[in-house]
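Asks: Please find one structure pasted underneath; my questions will follow.
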Amino acid sequence: MSTSLFDLTGKTALVTGASRGIGESIAKLFAEQGAHVIVSSRRKDDCETVVADIKASGGSAEAIACNIGNMDDIESAFANIRANHKRLDILVNNAAANPYFGHILDTDLGAFNKTVDVNIRGYFFMSTAAGRMMRDQGGGVIVNTASINGLHPGLYQGIYSITKAAVINMTQSFAKECAQHNIRVNALLPGLTKTKFAGALFDNQDLHKQAMATIPMARHAEPDEMAGTVLYLVSDASSYTTGECIVVDGGLTI
C-alpha cells in the first residue's frame, strides 16, 4: 500500500538484479508504493517469479531479461522500454558480478573482465541510456548500488572492491553533469547484507567474524533495510539532491 510520503504512483521504475536479494526487495517495495516495476536480471524466469509475487499483492510489474554485461542486452532492454512505456522515471543499477573470491594476486583475466564489464561498463551504459530518456522527458532518478567495499576494500574481494569504488566516483560524475537536466543520481553503499550474493562471507566463519567486528551494531543487514533507503532516495520526499553516497552498514545509516 502506497503512502503519501513515498507515493510512486504513475512512475515507471527499472530495477536490475531484481530476481533476488536487495533488488527483489527494492522491486517489491516500489510496487507497493504504486510504481510500475520492470524487474530485470539475466534470467527472465527468475524475474517472472518476482513479478508474480508483485501482481498477487496488487502491484504492477513486468519482467525483462537483461545481462548488463552485454551491450546488446542493454540496447534491447531500452528499446523495449521506449516502445512500451515512452519514459523511465527511475533506474536502480543493482545487478553486480563477483565471480572471484580469493587473493588479489591470483585474479585471472576472465574474472577481472566479467567483474569490470558488469560493475563498471554495465552501470555506465545503463545510466547513459536511462539518462538520455530522463533528459528528454524533463527529469528522473538514478540510484547505483555500490558497496562499503568501495571505501574499505574487502578481504579476498579485490577486483570487486575496485569496481565498487569506481561506481562511487561514477555516481558523482553523473550527478555533476546530469543535475542540470533535473536528474538526481545517488548511490547506496550496503555493508554486510544477508544475500546469496554475499554467501562466501557468511559461509566462511573466520571472515564472517572479522566482518561483523567492523560493524558498529554488530549485526548484518537484511535486504529490506536496503530497499527502504532506496525508496527514500527516489521519492519526492528525499532531502538528498544529487551525488550523495549513503552508507547502510549493519542497519546503521551513516
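Asks: What FRET efficiency do you get for residue 137 and residue 52 if R0 is 22 Å and r is their Cβ-Cβ distance, rounded to the nearest 0.05?
Replies: 0.15
Asks: Under 12 Å from a point 7 Å along the Cα-to-Cβ line of residue 125: which residues of segment 65-83 have their amide N that close?
Replies: 67-78
Asks: In terms of modelled amide H atoms, which long-range or inter-chain residues lie less than 5 Å from the amide H of residue 11?
Replies: HN-HN under 5 Å from residue 11: 36.
Asks: Starting from the amide H of residue 61, placed 1.01 Å from N in the peptide plane, find each other amide H under 5 Å away whose residue is 5 or more places distant or on another chain.
Replies: 37
Asks: Through the Karplus equation 6.51 cos²θ - 1.76 cosθ + 1.60, θ set to phi - 60°, convert the phi angles of segment 27-41 into ³J(HN,Hα) values in whole Hz; use x for Gly and Pro.
Replies: Karplus-based 3J(HN,Hα) across segment 27-41 equals 4, 5, 5, 4, 5, 4, 8, x, 6, 8, 9, 9, 8, 10, 6 Hz.
Asks: Quick one: 60, 235, 147, fewest Cβ neighbours within 10 Å first, how do they rank?
Replies: Taking fewest neighbouring Cβ atoms as first place, the list is 60, 235, 147.
Asks: Counting other beta carbons within 10 Å of each residue's own, what order do 123, 232, 160 fall into, fewest first? All intermediate terms of the calculation are to be shown ahead of the outcome.
Replies: Working: 123 28, 232 17, 160 24.
Neighbour counts put them in this order, fewest first: 232, 160, 123.
Asks: In terms of modelled amide H atoms, which long-range or inter-chain residues lie less than 5 Å from the amide H of residue 140?
Replies: Close amide H contacts, sequence-distant or interchain: 183, 184.
Asks: Follow-up question, since we're still on this one. For segment 34-110, run through the trypsin sites (Lys or Arg not before Pro) and keep only the ones in DSSP coil with at most 15 other Cβ atoms within 10 Å of their Cβ.
Replies: On the way: sites: 42, 43, 44, 55, 82, 86, 87; in loops: 42, 43, 86, 87.
Qualifying residues, ordered by number: 43, 86, 87.
Asks: Once the Cβ-Cβ distance between residue 112 and residue 169 is put in as r, and R0 is 25 Å, what FRET efficiency do you end up with, to the nearest 0.05?
Replies: Step by step, r from the Cβ atoms, then E = 0.85.
Asks: Can you compute 3J(HN,Hα) from phi for each residue in segment 97-112, using the Karplus curve 6.51 cos²θ - 1.76 cosθ + 1.60 with θ = phi - 60°, rounded to whole Hz and x for Gly and Pro?
Replies: For segment 97-112, the Karplus curve yields 10, 8, x, 10, 10, x, 4, 4, 5, 9, 5, 8, 5, x, 5, 4 Hz.
Asks: Let me ask another. Would you list 20, 184 from fewest to most Cβ contacts within 10 Å? Working shown, then result.
Replies: Numbers: 20 17, 184 23.
Placing the least packed residue first, the sequence is 20, 184.
Every number in this text was worked out from the coordinates using simple rules, so none of it is lab data. Model, not experiment: these values are computed from the prediction. Every residue, glycine among them, receives a Cβ derived from its backbone with ideal geometry; neighbour counts consider all protein chains shown.
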